[in-house]
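Everything on this sheet refers to the single structure shown next.
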């Protein structure tokens, strides 16, 4: 039995009438592996192929090397495709964090903040991130952070002390900790902290885990993201489309949940 | 069974049987077939988890028992070097496999403790090549260097490398260029636009549809293939055409 989400895949047609927002995207190449075409043009083409309306991205240049140049690349992509792309401001505690935040705070299309404690070698609960949490709490801007269960710097459990200090900040746990044996712990963490949202891209995620997250937290706490062009968008989206969940829950994960976190005029 | 677009899907990378540390269902043939139906997957090459995670000889027997009477499933045995006498000598193993209708052989050199390009498993690889049985191998079980060495020394042996990830193209491209008998499956060919790039560069017959279920979600490979930028003819070749030829499958 197909429906409005699975039928288009099986007939090789894009989704129609479904608002899909990819809340975890990048743009640009990456030093550690080859990506055939990581340009904004190719990304929008893939989005069209599948029927994804909007992607929120951060430049790989910003996360792996230089936030200033990388955030400029993000902003350029957003300006080029204002109907299809939005940006995260990448902040690095080793690279003028407060100046970079001030530089982009009023830029149209930059609708969130992205942290990468792993690549930046700095713990998620460290003091240098304090201006980020204060700003995000004050403005309501969502923060997407890379997380990896078992990591010294970005195990999702480190968010507990962030929420104790900044209970109003809204955080998307990128990859939901990434590895399967950590998913139960991040679900439990989200039951304690209502402003923690689980973003689900990654190599080890499945529709089965999605159903469990939605069952325990509600679909409004689970956010679709793909990580493309790190990982092809079409791997992660199928897990949501074909998950054994009611249609309303899958729609919520695909876009409605993220829309609720961002001002309407920004999307 | 085909997709609504008439594409047949033959999964070269599926498994039945329980798993100890992953919550992936009961491992039954009935559950596998139900999942295949959900994704319009018509047929599958399957191994048994007991042959991987317990004992190949036992698991291979269980596989034949459990899939008997399910014409959509083709058996894939797990092989071992016969250095300790745990399995029959290569010629006997391959003869028994062929007699039982086995369509391919899997090896787990990493998990089972032997070197893929070493002398212990070489006679088995030679026998598999002579019998024209494809060899299925997960990338976490052997290095690209070992895979290339085995492929180069046995041009008749068709090797399907599964579970690639998204960081492999630099090494993979070199191996595919030099070793024309190496193929890859789609279970996690995760590079952005990597499928289209590989098909354009190396030809459509180098990529086969495989899901990696039950550990991996079959939605990954299904969505990746059917929503690719490839035309229907190429999608059909990846979906089942090339695999059907390699496996001698004429089940439709």
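We did not get these values from a lab; they are worked out from the coordinates using the rules stated. Quick caveat, the model's predicted, so the values are computed rather than measured. Note that we place each Cβ from the backbone using ideal geometry, even for glycine, and neighbour counts take in every protein chain shown.
Numbers for the structure displayed
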{"item": "FRET efficiency for residue B:100 and residue B:177, using Cβ-Cβ distance with R0 set to 41 Å, rounded to 0.05", "result": "0.70"}
{"item": "Fluctuation leader among B:21, B:104, B:122 - chain B, Gaussian network, Cα springs under 10 angstrom", "result": "B:21"}
{"item": "Globularity ratio of the stretch B:47-195, using Cα Rg and 2.2 N^0.38 Å", "result": "1.03"}
{"item": "Considering only the stretch B:10-247, percent of DSSP beta bridges that pair antiparallel, nearest 5", "result": "0 percent"}
{"item": "Rounded, prolate or oblate (a/c below 1.5 giving rounded, otherwise prolate when a/b exceeds b/c) for chain A by Cα gyration tensor", "result": "oblate"}
{"item": "Between the stretch A:131-206 and the stretch B:175-211, the Cα center-to-center distance that results, in Å", "result": "35 Å"}
{"item": "Hull volume in cubic angstrom per residue (convex hull over the Cα atoms of the stretch A:136-196)", "result": "64 Å³"}
{"item": "Shielding of B:188-200 by partner chains, average beta-carbon count, 10 Å", "result": "6"}
{"item": "DSSP-defined beta bridges in the stretch A:28-121 - what % are antiparallel, rounded to 5", "result": "10 percent"}
{"item": "Candidates A:156, A:131, A:117: whichever shows maximal mean-square fluctuation once chain A is modelled as a Gaussian network with Cα springs under 10 Å", "result": "A:131"}
{"item": "Viscosity 1.002 mPa s, 20 °C: Kirkwood-radius Stokes-Einstein D of the stretch A:1-50 over Cα pairs, µm²/s", "result": "166 µm²/s"}
{"item": "Euclidean distance between Cα centres, the stretch B:24-71 to the stretch B:82-110, Å", "result": "18 Å"}
{"item": "Residue order, fewest to most beta carbons within 10 Å, for B:183, B:48, B:205, A:94", "result": "A:94, B:205, B:183, B:48"}
{"item": "Ascending count of other beta-carbon atoms within 10 Å, so fewest first, for A:206, A:256, A:139", "result": "A:139, A:256, A:206"}
{"item": "Equivalent ellipsoid, chain B (semi-axes from 5 times Cα gyration tensor eigenvalues, Å)", "result": "26, 22, 16"}
{"item": "Model label zone, residue A:211; criterion: amide N under 13 Å from point 7 Å along Cα-to-beta-carbon; scope the stretch B:1-32", "result": "B:23-27, B:31-32"}
{"item": "Per-residue mean of C-beta atoms belonging to partner chains within 10 Å, peptide B:32-40", "result": "2"}
{"item": "Zone of residue B:201's modelled label, taken as backbone nitrogen in the stretch A:15-39 under 12 Å from a point 7 Å along Cα→Cβ", "result": "A:34-37"}
{"item": "Debye-sum result for the stretch A:1-145 in log10 I(q)/I(0), which assumes one identical scatterer on each alpha carbon, at q = 0.09, 0.14, 0.16, 0.20 Å⁻¹", "result": "-0.31, -0.69, -0.85, -1.16"}
{"item": "Translational diffusion of the stretch A:120-267, µm² s⁻¹ [Kirkwood Rh, Cα pairs; Stokes-Einstein; 10 °C; 1.306 mPa s]", "result": "103 µm²/s"}
{"item": "Shielding by partners, peptide A:204-213 (average Cβ within 10 angstrom, other chains)", "result": "3"}
{"item": "Rounded to 5, the percent of DSSP beta bridges in the stretch A:6-266 classed as antiparallel", "result": "5 percent"}
{"item": "Projected-area mean, the protein assembly as shown, by convex hull of Cα positions, square nanometres", "result": "22.3 nm²"}
{"item": "Two-site FRET efficiency, residue B:31 against residue A:259, from Cβ-Cβ distance with R₀ of 45 Å, rounded to 0.05", "result": "0.80"}
{"item": "Least to most buried among A:244, A:137 (fewest other Cβ within 10 Å first)", "result": "A:244, A:137"}
{"item": "Candidates B:209, B:116, B:39, ranked by Gaussian network fluctuation over chain B, Cα under 10 Å, top entry", "result": "B:39"}
{"item": "From the C-alpha gyration tensor of the stretch B:156-252, square roots of 5λ in Å", "result": "18, 17, 14"}
{"item": "Efficiency of FRET between residue B:232 and residue A:33 - r from beta-carbon atoms, R0 30 angstrom, step 0.05", "result": "0.50"}
